[in-house]
Amino acid sequence: MAEKNSLKKKNGNGKKGKKVFEMRMNFNFKNIFIALFIAFLIFSALGSLGSQVSSLVEKPLSTVIADVKDGKVTTIEVEESRLTVSYKDGTKFISHKEPQESLYKLLESAGVASNTVEIKVKDLSMAQIWMGIIGNVLPLVLTVVFFLFLFRQARGAQDSVFSFGQSRARVFSKDLPKVTFADVAGVDEAKKELEEVVDFLKNPAKYRALGARTPKGVILIGPSGTGKTLLAKAVAGEAKVPFFSIAGSEFMEMLVGVGAARVRDLFAQAKKSAPAIIFIDEIDAIGRMRSVGIMGGHDEREQTLNQILVEMDGFEPNTAVMVIAATNRGDLLDSALLRPGRFDRRVSLDLPDLEGRKAILSIHAKGKPYAKVVNWEKVAKRTVGFSGADLENMLNESAILAARENKKEIDMTDIEEAATKVKLGPEKKRLQTDLDRKMTAYHEAGHGVVNYYSPHLDPVHRISIVSRGMALGFTMAPPEKDRLHETRSRLIDEIAMTMGGRAAEQIVFNEMTSGAANDINQATRIARYMVAEFGMSDLGPINFGPHSDVTEWGKAFYEQQNVSPDMLGAIDREMKKILDEGYKRALEVIRKNRKKLDLIAAELVKKETLEGEEFEKLMGGPKKKINVSES
């Protein structure tokens, strides 16, 4: 035991010694200048302190010589220019002479004999000698260091100015942790396209033998969170070639022409390492449409875009560098950027379908202790409309919730709560009066009852009066299947269900509250789409929405609304007709089923949350649904 303790002490001392050794000063010009300046201040303070430390009264030199002539002085101590004069009556005074003058000569010139007074010459100490040397040399050294510091700063600023045009791209090596195509799911078509790109770079001879040309660019377009950047990382992990990654905003600088210079530098570096891949994230920052109107575009951005166009397919052919770009604003990109020969392939990424969500869940569930009773099929159906990033965040939140409750496994309740949290936000315990809780309960019950008697809508999944985000309550009815088409009947039912809360407030309390503001906004948005975009009104199949800014001559700076004032009034009337139809249907359903409404509201006040099975049991059984072909 003693040996072990001694070893521990030795190791501990060794670690401490290592830390002390590592805490060394960084000897650069700045630190040296600061240290010398502090030393100069210290020596100056010591010198001034030494000159002020004596409390003796000073007498002029002429008075001292006169006193010596009168025989009043016994001894004089000489210390450089300082004289300490001792009188016969025991008093002492100080005086000063010129440093180069001799006291003996001064007395002789005044007619005083040298033996009249005892003169003691005091030698300087080593400390005083060094202080004198440092006091003379240190200002010169400080001046030299100061100018060296300024020169170095100026040189660094000059280097930074000339480095503006250098590329800020990050090069991924083979030693970094890899993300492969096995880590990507839910975007099978896009993954297949990029797998071919990697194969092009690995085996170019196979494609050249058949006369195929390697694509010069692939652009990934899709909503946020669908996996565009993740796919690019997978390409970096799969490809055995240098991978240059940069964001579109990194090309932009205050100085005009810097972006174009960085583009040239980036492609020059990539060509030296060819074959290589360049990934530009958020390319819409520099690749937006160039304007041809009176008001010009941003000169720096347009010059950067022009340089990218030239590098990808200009006068000098580019055959060894492939460009992959990502954006969620594909409609804003310049047409010259999207033409064949530059971005040959346009890959669209959508929200994952049922099978895609199951695959994404299986990837992100690895390494987490989920209970065996977790039904991943049900979770995938529950998360319609979730992106890959939403699903990853949901599973992470479920693990956090389980850890907070000291569970050893993550169960279905944790996943359900995490899905609701990701979609609506965390629970908020707000202090509400009984009347507020009752109003919220009837409002949410109105949504649920109208949904139950609307055959084109999906069943209610959960009703709650627990506050989340900005909402005091919520009614969730997520789609059971991925829906590609919307019918007029389903949209009218959607508006009726959205208006169900306001209808319940009016019938039960004969009052209107501000709690229906978001519902009215959503219903109005649906009605506007039906009239202006989908042609689902008496105005006919006409698109009244904003027209595309693509014209025969180029791109207009403003989007134009080519709709007459009379037609705008007709659109508003059609929207009101649709909204009135939905609200009228909601009022009818609430009046006919008032007892069911009271029952659901009472249970919500009591339990705060009702699951779909509990709701349907209170309503009298599962909801009846019809297919589109039957409507």
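The values are calculated or read from the model by the stated rules, or taken from the named source; none is laboratory data. As the structure is a computational prediction, the values presented were derived from the model and not from experiment. Glycine gets a Cβ as well: all are built from the backbone with ideal geometry, and neighbour counts include every protein chain shown.
Summary of computed values
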{"read-out": "All positions within the stretch 330-372 that are assigned to a loop (DSSP other than H, G, I, E, B), under 18 Å from residue 394 (Cβ atoms) and not charged (D, E, K, R)", "value": "351, 352, 365, 367, 369, 371"}
{"read-out": "Residues (free of Cβ contacts under 8 Å to residues at least 12 places away in the same chain and within 14 Å of residue 66 (Cα to Cα)) located in the stretch 84-119", "value": "108, 109, 113, 114"}
{"read-out": "Helices (runs of 4 or more DSSP H) contained entirely in the stretch 392-503, each with at least 2 residues that are over 24 Å from residue 356 (Cα atoms) and among the β-branched types (Val, Ile, Thr)", "value": "434-452, 488-498"}
{"read-out": "Search result, residues across the stretch 343-381 that are over 30 Å from the mean Cα position of the chain (by Cα) and either of a type in the set (Gly, Ala, Ser) or within 17 Å of residue 280 (Cα to Cα) (or both)", "value": "344, 371"}
{"read-out": "Test: residue in the stretch 446-466 that is buried (at least 20 other Cβ atoms within 10 Å of the Cβ), in contact with a Leu (Cβ under 7 Å, 6 or more places away or on another chain) and more than 23 Å from residue 622 (Cβ to Cβ)", "value": "yes"}
{"read-out": "Every pair of residues 6+ apart whose Cβ atoms lie under 8 Å, when the first sits in the stretch 360-377 and is in the same structural domain as residue 397 (by TED's automatic domain parsing) while the second is surrounded by fewer than 13 Cβ atoms within 10 Å (Cβ to Cβ)", "value": "369/408; 376/362"}
{"read-out": "Options 395, 424; residue that is touching a Lys or Arg at 6+ places or on another chain (Cβ under 6 Å) and either over 25 Å from residue 186 (Cα atoms) or not polar (S, T, N, Q) (or both)", "value": "424"}
{"read-out": "Any hit, the stretch 384-393, residues being in contact (Cβ under 8 Å) with a residue 24 or more places away in the chain and in contact with a strand residue (DSSP E or B) (Cβ under 6 Å, 6 or more places away or on another chain)", "value": "no"}
{"read-out": "Test result for residue 623, modelled with pLDDT of 85 or more and either crowded, with 17+ Cβ neighbours inside 10 Å or in contact with a helix residue (DSSP H, G or I) (Cβ under 9 Å, 6 or more places away or on another chain) (or both)", "value": "no"}
{"read-out": "Matching entry among 326, 320 (being modelled with pLDDT under 75, out of contact with any Gly (no Cβ under 6 Å at 6 or more places or on another chain) and among the small types (Gly, Ala, Ser))", "value": "320"}
{"read-out": "Pick from the stretch 413-447, criterion more than 36 Å from the chain's Cα centre (by Cα) and among the hydroxyl-bearing types (Ser, Thr, Tyr), ranking: farthest from residue 504 (Cα to Cα)", "value": "433"}
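Every residue, every condition in (1) over 20 Å from residue 568 (Cα atoms); (2) free of Cβ contacts under 8 Å to residues at least 24 places away in the same chain; (3) aromatic (Phe, Trp, Tyr), yes or no:
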| residue | (1), (2), (3) |
| --- | --- |
| 500 | yes, no, no |
| 505 | yes, no, no |
| 509 | yes, no, yes |
| 512 | yes, yes, no |
| 517 | yes, yes, no |
